[in-house]
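Structure record follows, encoded as structure tokens.
The values are calculated or read from the model by the stated rules, or taken from the named source; none is laboratory data. As the structure is a computational prediction, the values presented were derived from the model and not from experiment. Note that we place each Cβ from the backbone using ideal geometry, even for glycine, and neighbour counts take in every protein chain shown.
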Amino acid sequence: MKLKQMIAVLSSVAMLLCGCSSANAKDQTYSDTLYDTVVKVQILDPVNKNVMSGLKSLCQKYNTMFSMYVEGSDIYNINHAQGMPVAVSSDTATLIKKRYLLRRFIQWIF
């Protein structure tokens, strides 16, 4: 019992000492309208500015690839192919496969 109490006290102290500081949070926020919704990412720990620019680039890349409305995107091309095969990126193919597996798993559960 003493071990559990000691772990609880140490965990509480660790959480208090490791609190979040929002002093740099304003400089480390990325907001955009992507995936047909507003996306906001805020990093509270100090990071290199390349992290935020890389994050922005990836979000915009995937928005362009997976958007139903951006002409030329993989999903747009699939939706407008009228049943014909469409070449897609490996990222899009992986996403479709994982979505299919998730659907099968959910059907199996219920």
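Laid out as a table, the results:
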| read-out | value |
| --- | --- |
| Residue among V47, V38 that alone is at pLDDT 55 or above and not in a loop (DSSP other than H, G, I, E, B) | V38 |
| Which listed residue is among the aliphatic types (A, V, I, L, M) and touching a Cys at 6+ places or on another chain (Cβ under 8 Å), from L44, L55 | L44 |
| Residue in the stretch 79-89 that is at pLDDT below 90, β-branched (V, I, T) and surrounded by 10 or more Cβ atoms within 10 Å (Cβ to Cβ) present | no |
| Subset of the stretch 27-64 [of a type in the set (V, I, T) and in contact with a helix residue (DSSP H, G or I) (Cβ under 8 Å, 6 or more places away or on another chain)] | V39, V41, I43, V47 |
| Count of residues meeting criterion [among the polar types (S, T, N, Q) and in contact with a helix residue (DSSP H, G or I) (Cβ under 9 Å, 6 or more places away or on another chain)] in the stretch 65-91 | 3 |
